[in-house]
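Participant: Sharing a structure here in structure tokens format.
Since every read-out is calculated from the coordinates, none of them should be taken as a lab result. Worth saying up front: this structure is predicted, and the values here are computed from it rather than measured. Ideal geometry is used to build each Cβ from the backbone, glycine not excepted, and the neighbour counts take in all protein chains shown.
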Amino acid sequence: MDASVHTALPDGVEPAELLARNVRLGARVWAASVGFFFVAFFFAFLYLRALDTNGLWRGWPHHHPTPSMGFGVAILVCVLASAAVARAAAMLEPTRRRVGAIAALLLSLAAVALQCAQFSSLGFGPTDAGYASVFVGWTGLFALFLLGTAYWLATVVADVSGDGASPAFQAAAIEAVSFVLIVLAGIEIAAFILLYLVV
Amino acid sequence: MSATAIPVVRRPVWRRLIGFNMLTGLVLGIAGWFLGAWVGGQIAVGHDYLLGTDQNDVGAFVGYLFAVIGWLVGLGFANYPIGRLLGRPPTLRHHELGGWTRYFRLCTDHKVVGIQYLFGVGIFFFIGGLNAMLMRTELLRPIEKAWPSGQYLTLVGLHGTMMIMMTSAFILGPFGNYFVPLMIGARRMAFPRVEALTFWLTPAAGLILMSAIAFGGLPFGWTGYAPLAVEGRGGVDAYVTAFILIAISLTLVGLNLLVTIVTMRAPGMTWTRLPIFVWGVLATSVLMALAAPVLVATMTMVLMDRAANTSYFLASAGGSPYLYENLFWFFGHPEVYILALPGFGIVLEILPVFTRKPLWGYRLAVAGMVGVMLLSFMVWQHHLFVSGMNAGLRPFYMLTTELISIPTGFIFLNAMGTLWRAQIRFTVPMLFALAFFFNFLIGGLSGVFLSDVPSDVTTHGSYFVMAHFHYTIMGGLVFAFFGAVYYWLPKMLGVVLNETLAKIHFWLMFVFFNLTFMPLFAAGFLGMPRRVSAYAPHLQVLNDFVSVSAFVLGFSMLVFLANLVWSLVFARIPAAENPWASRGLEWQVPTPVPVENFERIPVIRSGPYEYGVPNAPAVADFTPAALPAAGS
């Protein structure tokens, strides 16, 4: 381990290399935590679907919730594109990171906005039995996590737009947030397959 | 090394009350609760399904949400995130200098956070203990006497939930935060603001949980099984919110400690030189980071079932209460090891110091902890043996549960090997460490009965289970906690605790702990069910004996409190820098520990347990010429 990494600076700002390493590893652990959070919904989907208690998994008789495939595809595309663009931005020259980070941020926010729009015209509600419960919970909380990640992206945009954070930290931060977005994209793919295709 | 002087800014007391601190947090939290309850009511007005319950759960949850936001804003947690959004550079420090007011506000010094945890969690531990005293008072008679059964059940639920919530952070909160950076040669935690946040969520959770009393109480124990959790009165909203907050806190504690240990070790602090306590913390951190999010998700599902009328857990609408049991115990069993693993770390940390011998089988101990960590994710269904689970799954979970006794046995082997032919110093920390092994052995052996399907079927839901987990959690974790308190408090608070009072505390606690819980195995075998205040008349003598023992056990805690107050407020005998002659890195720094911990980052030269090893080098070089000083 490089000993110089541990030297504190007079104003309390830690060495950029140490901050960068912490952010990178922290993002990976956070991504694992987020993954386990959604494992609960993944399990709930499989468990309730398999049990089909009282034949109510797909909703009440004569009312089977069917979410809009158009919204589902649009949200999926936005999340995947956001992750891909953020990853690409992490690999770009420092001078070009800003554009990539802003694009990734806008795509994330678009996905959240689309989710809100879908909720406003869903055609069913959380009370429509098993599948509807899992759908509303999984997609709603996913949007919340995406919004939190969008905040993180916004701080990255602020960093690359100004001169407050060191280049090493900027690079680590965008790499870290792109990693979390990739994991979220994976979760969104699973959600799309289960909630829209398998049902 | 020399201590870094802490400049204290003197301001009038009234001026110190204004600003971002606990008082502001309380005011904004209370205002937030009222505002949130009103907003929640407005949200519910337009949605029939939100109003489809007999109480305003939406208002309750939004009230709690706004209260927590107000609490955190008042403490100053919103300032940095907003600043970052405006392009301010990332920093790790906030209010690390100053006097006693540091302890009542957001402070990023890991030592301040450790002490905040020690007192904060300690207060809730005593409240949980008082609940236990009230329960034992009720159980002096076989029929309902002091409280109706509903209130008794609320007491049981509050006691269990508060103890589980608070003891989860009982060791990692105070000692993990305070000592891990010192033990690995770091100046701070990886994410100091997150560290502070994890603490300040804890009192919010505790207060919200206690508010359950005002909203109809709890109809269950700490496990909060559905459908009771979905259909219970408003107190359940408090239970759900408190558990979500604690689970978020646990996740972040795990993340922070994990990253700190991996990235911030001093040069020369290789994995094989890592103190065994830090290994225990590392294993626990993994469990926290992965298991606690599942609890957040589970409690969020309960929240949605209650407030939005979803049906995750209601069979009448396509859900299943078994889903709750599975998800809860997927967190709940690793939680048991979240409680146990730091205890293992502490007692193995203490043993070599007071036997003056190297820790026997260091790598075996590490393997044991990692083994427990991995296996703990594969055993949760043993809690469902009598819940109607698929009978074909029982042997698998019985086997995995029994397997976990093997890595746990490693820890006992380490202890026996270290104690073998040692010249033991029977100091108070050592007494608590030895008592840990005695108690945990009984807890572990009784656990085998519960992992075995035939015997579990007959003992499930009885006082046998209650006695078992109190032997592991109180007999294990709480004894390890007090061992750590007596071992590390001289470094944390800079004063020596009175040894006579400490020994009185130990013997009272050890003897009456066993007199309280040993008879409960018999009560369980005799058919006494948990969580019920009425019992068969022929069990009264046994229960009276247990109640009296429990009261003395509770009194032993007062002896500890008296010792703490006496030593801290009145006697104030300064502690030596290294009173136990320990090789631990944390004992090589001055008392009180400087804000920067180390004037220069040390270079680690040898392991921490090389007691009696001829020509063993000093544990660290504190003046490596190549490394610049702090602030230079």
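Participant: Semi-axes of the equivalent ellipsoid for the range A:81-196, please: Cα gyration tensor eigenvalues, times 5, square-rooted, ordered largest first, whole Å. Before the final figure, lay out the partial values.
Facilitator: Values: eigenvalues 205, 32, 21 Å².
Computed over the range A:81-196, the values are 32, 13, 10 Å.
Participant: Please give the charge dipole size of chain B, origin at the Cα centre, charges +1 on K and R Cβ atoms and -1 on D and E Cβ atoms. Round to the nearest 20 debye. Let's see the in-between values first.
Facilitator: Working: 34 positive and 25 negative charges, 371 e Å.
About 1780 debye.
Participant: Which whole number gives the average count of other chain Cβ atoms within 10 Å of the Cβ atoms across peptide B:262-271?
Facilitator: Details: counts 5, 11, 7, 2, 3, 6, 2, 1, 1, 0.
That works out to 4 on average.
Participant: Expressed as cubic angstrom per residue, what is the convex hull volume of the alpha carbon set of chain A? Walk me through the numbers before you get to the answer.
Facilitator: Values: hull volume 25.2 nm³, N = 199.
Taking the convex hull of the Cα positions in chain A, it is 126 Å³ per residue.
Participant: Is the shape of the range B:107-621 best called rounded, prolate or oblate, per the rule: a/c under 1.5 gives rounded, else a/b larger than b/c gives prolate, else oblate, with a ≥ b ≥ c the square roots of the Cα gyration tensor eigenvalues?
Facilitator: Cα axes put the range B:107-621 in the prolate bin.
Participant: Each label point is 7 Å from the Cα along the Cα-to-Cβ direction; what then is the distance between the points at B:Arg356 and B:Glu144, in nm?
Facilitator: About 6.3 nm separates the two model spin labels.
Participant: Moving on to the next point. Considering only B:Ala502, B:Leu384, B:Gly70, whose Cα is most displaced toward the positive end of the charge dipole of chain B, charges sitting on Cβ of Lys, Arg (+1) and Asp, Glu (-1)?
Facilitator: Among B:Ala502, B:Leu384, B:Gly70, the one farthest towards the positive end of the dipole of chain B is B:Ala502.
Participant: Moving to a separate point now. What is the order of A:Arg97, B:Arg193, B:Arg141, fewest Cβ neighbours within 10 Å to most? List each step's numbers first, then the result.
Facilitator: Details: A:Arg97 25, B:Arg193 20, B:Arg141 17.
Going from sparsest to densest Cβ surroundings: B:Arg141, B:Arg193, A:Arg97.
Participant: From other protein chains only, count the Cβ atoms within 10 Å of every residue's Cβ in A:52-58, then give the mean. Please report the intermediate quantities before stating the final value.
Facilitator: On the way: counts 2, 11, 5, 1, 7, 2, 1.
The per-residue average across the peptide is 4.
Participant: Can you give the FRET efficiency to the nearest 0.05 for B:Met210 and B:Gln151, using r as the Cβ-Cβ distance and R₀ = 22 Å?
Facilitator: Working: r = 14 Å, r/R0 = 0.66.
About 0.95, to the nearest 0.05.
Participant: Quick one, can you get me the convex hull of the C-alpha atoms of the protein assembly as shown expressed as volume per residue in Å³?
Facilitator: Values: hull volume 133.9 nm³, N = 831.
Cα-based convex hull of the protein assembly as shown, divided per residue, equals 161 Å³.
Participant: Now for a separate question. Averaged across the residues of A:135-145, what count of C-beta atoms belonging to other chains lies within 10 Å of each residue's C-beta? Don't skip to the answer; put the middle values down first.
Facilitator: Numbers: counts 1, 3, 9, 1, 0, 3, 5, 0, 0, 1, 0.
Mean partner shielding for this stretch: 2.
Participant: Ranked by Cβ crowding within 10 angstrom, fewest neighbours first, how are B:Lys145, B:Lys491, B:Lys357 ordered?
Facilitator: Working: B:Lys145 13, B:Lys491 26, B:Lys357 22.
With the sparsest Cβ surroundings first, the list reads B:Lys145, B:Lys357, B:Lys491.
Participant: If I take R0 = 41 Å and measure r between the Cβ atoms of B:Arg363 and B:Ala31 in this structure, what FRET efficiency does the formula 1/(1 + (r/R0)^6) give, to the nearest 0.05?
Facilitator: 0.15
Participant: So if a site counts as exposed when it's one of the chymotrypsin sites (Phe, Trp or Tyr not before Pro), its DSSP state isn't H, G, I, E or B, and it has at most 12 other Cβ atoms within 10 Å, what's the longest stretch of chain B without one? If you can, show how the numbers build up before the last one.
Facilitator: Values: sites that count: B:Trp420, B:Phe426.
Of all site-free stretches, the longest is B:1-419.
Participant: Rounded to the nearest 500, what is the protein assembly as shown's calculated 222 nm mean residue ellipticity when only DSSP H runs of at least 4 contribute -39500 (n - 2.57) each, over all residues? Could the numbers behind the result be given before it?
Facilitator: Values: 26 runs with 520 residues, N = 831.
Using -39500 (n - 2.57) per qualifying helix, the result is -21500 deg cm²/dmol.
Participant: Determine the relative contact order of chain B: mean sequence separation of Cα pairs under 8 Å and six or more apart, normalised by residue count, in whole percent. Please list the in-between numbers first.
Facilitator: Values: 1097 pairs, mean separation 94.1, N = 632.
For chain B, the relative contact order is 15 percent.
Participant: Using a simple spin-label model with points 7 Å from Cα along the Cα→Cβ vector, what separation in nm is obtained for A:Asp52 and B:Leu86?
Facilitator: About 5.8 nm separates the two model spin labels.
Participant: On alpha carbon coordinates alone, what is the Rg over Rh value for the range B:17-85, Rh being the Kirkwood radius?
Facilitator: Details: Rg = 14.6 Å, Rh = 12.8 Å.
So for the range B:17-85, dividing Rg by the Kirkwood Rh gives 1.14.
Participant: For helix A:69-91, what angle does its Cα long axis make with the longest principal axis of chain A, in degrees from 0 to 90 and rounded to 10?
Facilitator: It is inclined by approximately 10 degrees.
Participant: Counting Lys and Arg as +1 and Asp and Glu as -1, each charge on the Cβ, what is the dipole of the protein assembly as shown about the Cα centre in debye, to the nearest 20?
Facilitator: Working: 43 positive and 36 negative charges, 319 e Å.
Charge dipole of the protein assembly as shown: 1540 debye, to the nearest 20.
Participant: A follow-up question, please. Taking neighbour Cβ counts within 10 Å as the exposure measure, how do B:Thr310, B:Thr24, B:Thr623 sort from fewest upward? Each step should come with its number before you reach the end.
Facilitator: Details: B:Thr310 30, B:Thr24 19, B:Thr623 12.
By the 10 Å Cβ count, ascending: B:Thr623, B:Thr24, B:Thr310.
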